[in-house]
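For reference, the structure discussed in these notes is given below.
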Amino acid sequence: MAWLASALQLLGIINYDREERVRSFVAETLRLASAEGIKLPVVSGGGTGTQKQIAEMGCTEARMGCYCWEGEQRLCAHITPHVTSFPAVLTRAVAPDTFPNLGLAELSPQRCPLRLWSTVISTAVPGQAVVDVGSKGFAPCPPGPLPREWGGVCVEHPAAFMRQMSVEHGIVDIDGVDEEIRVGDVLSWIPTNAELTVALHDQAFAVRDGAVVEVWPVAGRGHFA
């Protein structure tokens, strides 16, 4: 490791997982580096909701992504409690007390400030509505039919869900919605992945009491990092 350190400026190590096996790996890496005289002042790890665990691991830096948006990844435990499939684990669609340190029990739609607005442009097929936003504006979007919890939460009609997306349109399943949905209705969504969705847009509009108060340029638009 000494010859490598002479050619590079090593500032630290990075990890994501918070499991015990990673904790021991980080500790051993730091021990080996120290034995070679290599200083690693930065230990970066974790994500939103794992602050306590990564602090216990000795991390000096927490990489929070969706903390300011929250988003459906952490909210859906309250919206889609019926979900028990493997994708539910990916989107945190589990009982709030399953991961007590993630703060799921404190979340509500009101804690998620980000909304992606869409307009209904067709209700020609019974049980579905077509909206004017697809994978160009909504992330993530795997090709083909969407697992229910991957399409985000519809604020106005929580029983509705994004069944499928094309590039520019979304097909919303409204079979479970009691109210009539008409062409021209606005459906707002709490995206599954808030930060990726924001990065697809040039601007974000700050709204207070129904009025736009500021327009924020999205500096990360078009950038990979």
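The values are calculated or read from the model by the stated rules, or taken from the named source; none is laboratory data. Just so we're clear, the structure is a prediction, and the values are computed from it rather than from any experiment. Counting neighbours? That spans all protein chains shown, and the Cβs are built from the backbone with ideal geometry, glycine included.
Looking for something without any contact (Cβ under 8 Å) to a residue 12 or more places away in the chain and over 14 Å from Val131 (Cα atoms) - is there at least one such residue anywhere in region 179-189?
Yes.
List the helices (runs of 4 or more DSSP H) that sit entirely inside region 25-99 and contain at least 1 residues that are within 16 Å of the chain's Cα centre (by Cα) and either modelled with pLDDT of 50 or more or under 28 Å from Leu11 (Cβ atoms) (or both).
Qualifying helices (runs of 4 or more DSSP H): 72-79.
I need every pair where a residue in region 103-128 that is outside the structural domain of Ile171 (by TED's automatic domain parsing) has its Cβ under 6 Å from the Cβ of a residue that is assigned to a strand (DSSP E or B) and at pLDDT 95 or above, sequence separation at least 6 or different chains.
none
Restricting attention to region 155-171, does a residue exist that is more than 18 Å from Ala129 (Cβ to Cβ), among the basic types (Lys, Arg) and surrounded by 10 or more Cβ atoms within 10 Å (Cβ to Cβ)?
There is no residue in region 155-171 that is more than 18 Å from Ala129 (Cβ to Cβ), among the basic types (Lys, Arg) and surrounded by 10 or more Cβ atoms within 10 Å (Cβ to Cβ).
Report, by residue number, each residue of region 177-207 that is at pLDDT below 90, outside any loop (DSSP other than H, G, I, E, B) and polar (S, T, N, Q).
Of everything in region 177-207, just one residue is at pLDDT below 90, outside any loop (DSSP other than H, G, I, E, B) and polar (S, T, N, Q), namely Thr197.
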